[in-house]
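A.B. asks: What follows is a structure written as structure tokens; I'll ask about it next.
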């Protein structure tokens with residue numbers, strides 16, 4: 001980044017007054033200006049409450065605007081709108097490729113015979129391909145290798161399997177009902193599919209393309225989870241948890257271990273999927289947030305305005321506490337210390353200190369906050385919140401001397417529904 005750009009970021013000029021002949025600041029002559037920029041060149045604008053960016057660092061947020069058929073691209077280095085991209089109708093989800101410079105946008109195309117997936121090249125922020133899937137897709141999950149994506153199509157009771165390199169759908173696999181979500185395990189062996197209408201969860205074995213395995217094979221089905229939604233899978237792929245809004249519970253499942261794994265050699269029964277427990281939480285649990293270390297899950301209970309804390313080791317609910325009006329999505333910091341929750345009924349974001357077991361003051365933002373995402377720097381200095389009703393994105397500084405603060409509001413399209421953040425390298 002140039003010295004002038006650094007200067008504008010560190011010390012932005014105040015707005016001018018109404019009188020056109022008056023200047024807010026006096027710009028020194030060129031020699032003095034060089035002296036003013038010299039500390040920026042040395043320190044690199046290393047203010048303690050902003051991330052330090054390496055030369056050439058680029059970071060963007062991709063916002064799917066479900067009611068305007070667009071994706072807003074926000075430049076998170078300069079905190080401004082970079083561009084707006086036209087995608088398919090009713091974009092509802094965004095997923096990153098963890099290996100390649102690509103972002104995928106799921107377009108529901110409500111009323112059409114097929115849905116689509118738009119491919120965005122993040123090196124130039126352009127839509128480079130559109131991949132057709134089945135009717136009314138509602139969820140998208142990309143495996144850790146970046147080779148395949150799995151799409152839940154609620155309008156056709158199928159899962160589409162996409163070869164991302166080839167830009168094509170390689171299989172459509174039938175489900176027993178309308179799928180509501182799909183999530184691939186970190187080890188790539190299991191796809192967890194929720195079937196909310198039938199209150200069940202289907203587990204599919206995901207085959208290895210290199211071995212010419214079938215893309216998906218149904219392995220097990222579990223019932224008794226009314227409205228099944230929001231699956232999470234532990235980092236070691238040993239367990240899955242699913243919210244059951246209709247029964248005010250969370251269901252835990254043990255996922256089958258690989259036949260030749262250490263777990264299978266110790267216990268032959270580990271090669272079979274089985275139910276673990278149904279845990280009573282608050283009213284209408286709708287979203288599960290998993291700690292990065294996998295040790296705990298926090299359940300957003302929309303109906304009771306509370307959060308329930310579940311231990312993934314013991315499969316027990318530790319506590320339930322008030323958080324805000326109609327809590328929706330949650331996100332947890334990389335150091336496992338802080339939980340942020342969007343309160344869709346209070347137009348605010350709540351912060352819960354996991355280490356201290358204490359709720360901190362809420363931050364008021366736009367109307368009907370929903371999806372959340374952190375910036376990619378190591379300190380996660382910015383939290384982005386999509387405000388569905390006001391059509392904007394709140395940018396919160398998470399680490400200042402005065403505590404978390406709302407920094408700015410950036411415009412998005414109508415009804416922003418999902419956020420994904422992608423950078424070309426890590427900030428310092």
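A.B. asks: Remind me, relative contact order of the chain in percent, using alpha carbon pairs under 8 angstrom and six or more residues apart?
C.D. replies: Details: 1185 pairs, mean separation 46.7, N = 428.
Normalised by residue count, the contact order of the chain is 11 percent.
A.B. asks: Hey, another quick one. Could you rank the peptides 77-86, 301-310 by their average count of other C-beta atoms within 10 Å per residue, with the highest value first?
C.D. replies: On the way: 77-86: 14.3, 301-310: 20.9.
The peptides rank, most packed first, as 301-310, 77-86.
A.B. asks: Now for a separate question. If packing is taken as the average count of other Cβ atoms within 10 Å, what order do 172-180, 237-245 fall into, highest mean first?
C.D. replies: Ranking, from highest mean packing down: 237-245, 172-180.
A.B. asks: How many angstrom lie between the Cα centre of segment 190-221 and the Cα centre of segment 405-420?
C.D. replies: That distance is 34 Å.
A.B. asks: May I ask for the angle, rounded to the nearest 10°, between helix 30-43 and the longest principal axis of the chain, with both axes built from Cα atoms and the value confined to 0 to 90°?
C.D. replies: 30
A.B. asks: Let me ask something else about it. Could you sort 136-149, 399-412 so that the peptide with the highest average Cβ count within 10 Å comes first and the rest follow in order?
C.D. replies: Highest-to-lowest ranking by the protection proxy: 136-149, 399-412.
A.B. asks: Please give the calculated 222 nm ellipticity per residue for the chain, where each DSSP H segment of at least 4 residues contributes -39500 (n - 2.57) and the sum is spread over every residue; nearest 500 deg cm²/dmol? Intermediate results must be reported in sequence, preceding the final value.
C.D. replies: Numbers: 3 runs with 27 residues, N = 428.
Calculated at 222 nm, the ellipticity per residue is -2000 deg cm²/dmol.
A.B. asks: If r is the Cβ-Cβ distance from residue 217 to residue 126 and R0 is 25 Å, what FRET efficiency results, to the nearest 0.05?
C.D. replies: 0.10
A.B. asks: Let me ask another. If you average the C-alpha positions of segment 225-241 and of segment 333-381 separately, how far apart do those two centres end up, in angstrom?
C.D. replies: For segment 225-241 versus segment 333-381, the Cα centre distance is 22 Å.
A.B. asks: Right, here's the next one. Could you work out how far apart the two model spin labels at residue 378 and residue 405 are, taking each label as a point 7 Å from the Cα in the direction of the beta carbon, and quote it in nm?
C.D. replies: 2.5
Only the coordinates and a few stated rules stand behind these numbers; no lab work does. Computed from a predicted model, the values in this text were never measured in an experiment. Virtual Cβ from ideal backbone geometry, glycine too; neighbours counted across all protein chains shown.
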